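Reviewing the structure listed below.
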Amino acid sequence: MYDRYQSPLSERYASKEMQYIFSPDMKFKTWRRLWIALAETEKELGLDITDEQISEMKKYADDINYDVAKEREKLVRHDVMAHVYAYGVQCPKAKGIIHLGATSCYVGDNTDVIIMTEALKLVRKKLINVMAKLAYFAAKYKAQPTLAFTHFQPAQPTTVGKRATLWLMELKMDLEDLDYVIDGMMLLGSKGTTGTQASFKELFDNDSEKIRKIDSLIAKKMGFEKCFPVSGQTYSRKLDTKVANVLSGIAASAHKFSNDIRLLQHLKEIEEPFEKNQIGSSAMAYKRNPMRSERIASLSRYVMIEALNPAITSASQWFERTLDDSANKRLSIPEAFLAVDGILDLYLNIVDGLVVYPKVIEKRLLSELPFMATENIMMDAVKAGGDRQELHEKLRTLSMEAGKNVKEKGLDNNLLELIEADKAFPMSIGDLKECMNPINYVGRSVEQVDEFLTEVINPVLDENKDVIGMMAEISV
């Protein structure tokens, strides 16, 4: 166990559920389901295949004799033919009709599509759960004023909940893309060596009407609505590109979220969960590192780069089939899914346990708010008879002085005291401090959160309430 490479994706990051989807067991059981669907279809269209043969195949659909297949593959160096042989050993009556008229890609490619579709559905389930947790967080903190940043420089205030809707909006966009890809998933069908279905013309005595029905019947038996209308030996690798791109989009959204959390944790305003016995640093005992968010960023970069593999593979296919896709597909597609699975588990875990520190948030906001309140102060002074242009220049000068006190002398922001001391402003320090209620400077943040959740997010969550309620555990 300890003397060979093990993938961190399976050892540390991905869930057992996602790992099973890409397991050999899932793959080879799906091969057998496809062989059964092919045999049933050929029987329904008139080939001499008996109910007894099909029943025999169904009996061993999930009872795979892996040892026989493994030994056979050593001999013939072909995984599909090894499993055809192994299935035939268990099903002697059906042996002669297993894989009849099909090529290796019938089981290989159709299984890939089925597996990717199942994996996309699991990704969708987890994405919905992250959205549900974020929606709850946004609603809870919709009226908590906080300092907003542009260029990571203090800007007009927002609220903690409003900021969360920015993360949530990107996930909503990802969900739309994901649903589009899932709805577009289609099987290869059974089209033969170069996609012409020539072998079936032999089997069905040139009866094109029967041959046309093969793909649709197989698709229905496998739970799909359609197959590729045309193909070479394989389905277009463009499909893999679409799948990888939507995973990359989810990774990008998660990465953005993780960056924000890491910055907020540096500011001590919001922290990701930190367990009682968790160690932040081997040297600095006091540290609380945002390791979950850092892991999201790390895995997300992997997924975004991984999306290049299917794109290049799709672009470099020759005519009806080349095999330079195979080794790359075996790596790039499963590992992108395993990584996104880990990302979403981390995302869910973090949002479920985010710790907000309102006092720290308020302190930072109030330290900057006097600068942001100058326009309101100026308007009040104008109403009391002051000259707008003169007041503007005074506020600019006083703001520069207060900023200098903060940056060069390390003092607190004393802009309000400087304004009170200037006779051009007929206001007491009490009057000025009344202008310092942060909620007055967050614009429509609270209303925007309510509107966004009510009109955009809650309908989605209501439609998917049957899958909401997942909890995420992280391995390390």
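Data overview
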read-out	value
Residue match in the stretch 310-318 (condition: exposed (fewer than 14 other Cβ atoms within 10 Å of the Cβ), at pLDDT below 95 and not in a helix (DSSP H, G or I))	no
Some residue of the stretch 427-439 being small (G, A, S) and at pLDDT 90 or above	no
Flag if M436 is in contact (Cβ under 8 Å) with a residue 24 or more places away in the chain and exposed (fewer than 14 other Cβ atoms within 10 Å of the Cβ)	no
Helices (runs of 4 or more DSSP H) wholly inside the stretch 364-476 that include at least 3 residues being under 36 Å from the mean Cα position of the chain (by Cα) and polar (S, T, N, Q)	none
Which numbered condition E451 fails, given (1) of a type outside the set (A, V, I, L, M, F, W, C); (2) more than 22 Å from T146 (Cβ to Cβ); (3) surrounded by fewer than 16 Cβ atoms within 10 Å (Cβ to Cβ)	(2)
Cross-chain or 6+ apart pairs with Cβ under 7 Å, the stretch 210-233 first and free of Cβ contacts under 8 Å to residues at least 40 places away in the same chain, then among the small types (G, A, S) and assigned to a loop (DSSP other than H, G, I, E, B)	D215/G189; D215/S190; A219/G189; V230/G195
Among the candidates D205, D177, residue that is closer than 20 Å to D462 by Cα and either over 21 Å from the mean Cα position of the chain (by Cα) or surrounded by fewer than 21 Cβ atoms within 10 Å (Cβ to Cβ) (or both)	D177
Checking A384 against (1) touching a Pro at 6+ places or on another chain (Cβ under 8 Å); (2) farther than 30 Å from K142 by Cα; (3) surrounded by 14 or more Cβ atoms within 10 Å (Cβ to Cβ), the condition it does not meet	(3)
Criterion violated by K95 - all others in (1) of a type in the set (K, R); (2) buried (at least 18 other Cβ atoms within 10 Å of the Cβ); (3) out of contact with any strand residue (DSSP E or B) (no Cβ under 8 Å at 6 or more places or on another chain) satisfied	(2)
Residue in the stretch 455-464 that is surrounded by 11 or more Cβ atoms within 10 Å (Cβ to Cβ), on the phi > 0 side of the Ramachandran plot and modelled with pLDDT of 90 or more present	no
Candidate set from the stretch 223-233 (those that are surrounded by fewer than 20 Cβ atoms within 10 Å (Cβ to Cβ) and in contact with a helix residue (DSSP H, G or I) (Cβ under 7 Å, 6 or more places away or on another chain)); member that is nearest to L187 (Cα to Cα)	K226
The stretch 127-158, residues that are assigned to a helix (DSSP H, G or I) and in contact (Cβ under 8 Å) with a residue 60 or more places away in the chain	L127, I128, N129, V130, M131, A132, K133, L134, A135, F137, A138, A139
Residue that is farthest from the chain's Cα centre (by Cα) [pool: residues in the stretch 132-153 that are surrounded by fewer than 18 Cβ atoms within 10 Å (Cβ to Cβ) and polar (S, T, N, Q)]	Q153
Residue within the stretch 159-182 that is more than 19 Å from T454 (Cα to Cα), assigned to a loop (DSSP other than H, G, I, E, B) and at pLDDT 95 or above present	no
Tabulated pairs, the stretch 64-89, first surrounded by 13 or more Cβ atoms within 10 Å (Cβ to Cβ), second aromatic (F, W, Y) and not in a helix (DSSP H, G or I), C-beta under 9 angstrom, 6+ apart or interchain	Y87/Y60
Residue within the stretch 237-259 that is modelled with pLDDT of 95 or more, more than 30 Å from R292 (Cβ to Cβ), surrounded by 15 or more Cβ atoms within 10 Å (Cβ to Cβ) and of a type in the set (F, W, Y) present	no
Restricting the stretch 185-218 to residues that are in contact with a Lys or Arg (Cβ under 6 Å, 6 or more places away or on another chain) and either not aliphatic (A, V, I, L, M) or not in a loop (DSSP other than H, G, I, E, B) (or both), the residue that is farthest from T117 (Cα to Cα)	F204
Residue within the stretch 331-352 that is surrounded by fewer than 19 Cβ atoms within 10 Å (Cβ to Cβ) and β-branched (V, I, T) present	no
Residue ID - farthest from D112 (Cα to Cα), chosen from residues in the stretch 11-23 that are of a type outside the set (A, V, I, L, M, F, W, C), modelled with pLDDT of 90 or more and in a helix (DSSP H, G or I)	R12
Any hit, the stretch 109-121, residues being over 30 Å from N206 (Cα atoms), without any contact (Cβ under 8 Å) to a residue 24 or more places away in the chain, of a type in the set (A, V, I, L, M) and surrounded by 15 or more Cβ atoms within 10 Å (Cβ to Cβ)	no
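The values are calculated or read from the model by the stated rules, or taken from the named source; none is laboratory data. Just so you know, these numbers come straight off a predicted model, no measurement behind them. Positions of Cβ are backbone-derived with ideal geometry, glycine not excepted, and every protein chain shown enters the neighbour counts.
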